[in-house]
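These notes concern the structure reproduced below.
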Amino acid sequence: MNNKSILLASAMVAVLAAAAQPALAADAAKEKCYGVAKAGANDCAANGHSCAGQAGASMDPKEWKYVAKGTCTEMNGMLKAM
């Protein structure tokens, strides 16, 4: 490989790596909302497990989802875990 090919390959790897990062945490227009996730539809680790999609029960006050900022309480959710 010549230098041009190596540079192009490196740039492609960087773009793909950036695209693979979860965008949820970086979105300032969203907030964690506890007590609104349906079973198997939580967004991240909580309540004794370490992965999204592992909520055992719907509307568990320890499970959370990202929702549009300002809508959590409208959905009968809480901004802090109970």
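Probe radius 1.4 Å, ligands and nucleic acids left out: which of K30, K69 has the largest accessible area, and how do the rest follow?
Correct descending sequence by accessible area is K69, K30.
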Practice item. Amide H neighbours of A46 under 5 Å, at least 5 residues apart or on other chains, H built in the peptide plane: list them. Key: C51
Check your understanding: Around E31, what is the net charge, scoring Lys/Arg as +1 and Asp/Glu as -1 over all other residues with Cβ under 13 Å from its Cβ?
Key -> +2
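The values are calculated or read from the model by the stated rules, or taken from the named source; none is laboratory data. Since we're looking at a predicted model, the values are computed, not measured. Virtual Cβ from ideal backbone geometry, glycine too; neighbours counted across all protein chains shown. For the accessible areas, the whole protein counts, side chains as well, though only heavy atoms, and no ligand, DNA or RNA atoms are used. Shrake-Rupley method; radii C 1.70, N 1.55, O 1.52, S 1.80 Å.
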